[in-house]
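Data block below; observations after.
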Amino acid sequence: MTNPTPREFDPEFIEARSAPDRQMYRAERASREPMRSVLDNNPEIYIVPPRRGSDWGNWEFKAGSYYDTTTGSKHPDWAGVELPQPAKDIDRLRADLVRWGYCLVEDALSQEQVERVRTRVLEQAEGERLAGIAQRTPSGQNINCCVNKGRCFELLIEQHPSAMQGGALVEQLVTEALGPTWISTSMIAALALKGGVPQALHQDQAVWADSPHPQLFNVLTAATDFDETTGGTLVIPGSHATIAEAVRERGPVGKLPPAINVEAKAGTAVVYDGRILHGTGINHTDAPRIAILNGMSPSWLRQQENWMLSVRPEVLRRASPKLLQRMGYQATTGSATHEGHGFNARGLLGEAAGALVAFRLAADEGRYVRVGELGPDSSREDLEAEYTLREVVEAARAARQSNPRQAFDPGKVR
Ligand SMILES: [Fe+2]
């Protein structure tokens, strides 16, 4: 006869002894700092009142509104302050990064290089719209998983001089900031379109806000001119350091200076610290504003075992929603999005909006069709191809419509 399971292991027994006030680190986990005090003391920087898309076109500078702002050189609150300027001098760039949380590498892409990438992005954006797989955002349209969509993107991830003439300089700055062996976390082309909604200011590195140095970096390559009319990225210069200091001292973040629009000519690489408050601005013009976003993180910031590749197909097929989630097969907005699938997902068990296993199973069965280069001249065959992304997105939509709470059965994606 086997011994009965000790009653201390019984879930009900555990629950009876696990009142919320018994949680370890309860106060720290519940504090919601630093963003709570950022928003309490700077309420104007978060609230985007619901308006029609067409209303966003009426721009005027208004003190106090984080998105109806202007460039640092024109903003009265920043007059006389020496904010980052486009530069090629590495010492100047280092100093801007440390002090202001961002720097502007002037002419990081030559005009020919920027023309090539801009053309590719515009073609791809149109191709994805024609194929019915465009990934819309509140600001416009994103092109995800750029590495599959043009040689120029492969080279940009490498900061290869043939795609980015200032690549060695950008690479040096990122390596000094993150240490050697850093990895790329994604490359996304973000189009801000007229009528798009400004993004709430946020930190890309929303955890470990008091870390003495950044754990995330972004290289934003401006493929079009950035200013207050085109939707130049909104930043609060120096906010990375102000927030880190407040968190280290266990105090609230106080009143912050106003946001400005980044001003940068096409071809500029804006290198920014993951802790700086920033967001997409409003594009008031008819032309798309294009940013190529390349995020970087230290190499330890990922799973030790690469379960995406290594798990046997039969294990995946019988895996419970819990096992799938534990192995990383549920994306969230900030982690493990797959060809862009997983934005707006929260990483919940069986959550259709972020379920990834169908991609792996399709690959195992030799029928995974990835979205590649598309454009206005793509063949009907390419535009109507059975992209696995299309299947997964449609299955997620159907699951959400049939029952928003129902767990997603990956086996049904065929
Ligand atoms: Fe961001």
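Tabulated values for the structure
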| read-out | value |
| --- | --- |
| Of residues in the stretch 249-273 being within 16 Å of the ligand (Cβ to nearest atom) and in a loop (DSSP other than H, G, I, E, B), the one nearest to residue 210 (Cα to Cα) | 259 |
| When residues of the stretch 162-196 are limited to those that are open to solvent by 10 Å² or more (accessible area, probe 1.4 Å), within 16 Å of the ligand (Cβ to nearest atom) and touching a helix residue (DSSP H, G or I) at 6+ places or on another chain (Cβ under 6 Å), the one nearest to residue 341 (Cα to Cα) | 187 |
| Residue in the stretch 340-347 that is more than 25 Å from residue 196 (Cα to Cα) and among the aromatic types (Phe, Trp, Tyr) present | no |
| Counted residues, the stretch 197-248 - those being open to solvent by 10 Å² or more (accessible area, probe 1.4 Å) and in a helix (DSSP H, G or I) | 6 |
| All positions within the stretch 298-339 that are open to solvent by 50 Å² or more (accessible area, probe 1.4 Å), farther than 25 Å from residue 171 by Cα and among the small types (Gly, Ala, Ser) | 310, 320 |
| Verdict on residue 108 being open to solvent by less than 10 Å² (accessible area, probe 1.4 Å) and part of a loop (DSSP other than H, G, I, E, B) | yes |
| Complete set of residues in the stretch 155-177 that are assigned to a helix (DSSP H, G or I) and over 18 Å from the mean Cα position of the chain (by Cα) | 155, 167, 168, 169, 170, 171, 172, 173, 175, 176, 177 |
| Test result for residue 276, β-branched (Val, Ile, Thr), within 16 Å of the ligand (Cβ to nearest atom), part of a loop (DSSP other than H, G, I, E, B) and in contact with a strand residue (DSSP E or B) (Cβ under 8 Å, 6 or more places away or on another chain) | yes |
| Identity of the residue in the stretch 118-139, touching a strand residue (DSSP E or B) at 6+ places or on another chain (Cβ under 6 Å), of a type in the set (Gly, Ala, Ser) and modelled with pLDDT of 95 or more, that ends up surrounded by the most Cβ atoms within 10 Å (Cβ to Cβ) | 125 |
| So residue 326, is it outside the structural domain of residue 68 (by TED's automatic domain parsing) and either away from the ligand (no atom under 16 Å from the Cβ) or among the charged types (D, E, K, R) (or both) | yes |
| Filter result for the condition that a residue is assigned by TED's automatic domain parsing to the domain that holds residue 228 and closer than 18 Å to residue 226 by Cβ, over 142, 148 | 142 |
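The values are calculated or read from the model by the stated rules, or taken from the named source; none is laboratory data. The structure presented is a predicted model; accordingly, all values stated were derived computationally and were not measured. Here Cβ is always computed from backbone atoms with ideal geometry, including for glycine, and neighbour counts include all displayed protein chains. Protein only, heavy atoms only, side chains kept; ligands, DNA and RNA dropped before computing areas. Shrake-Rupley method; radii C 1.70, N 1.55, O 1.52, S 1.80 Å.
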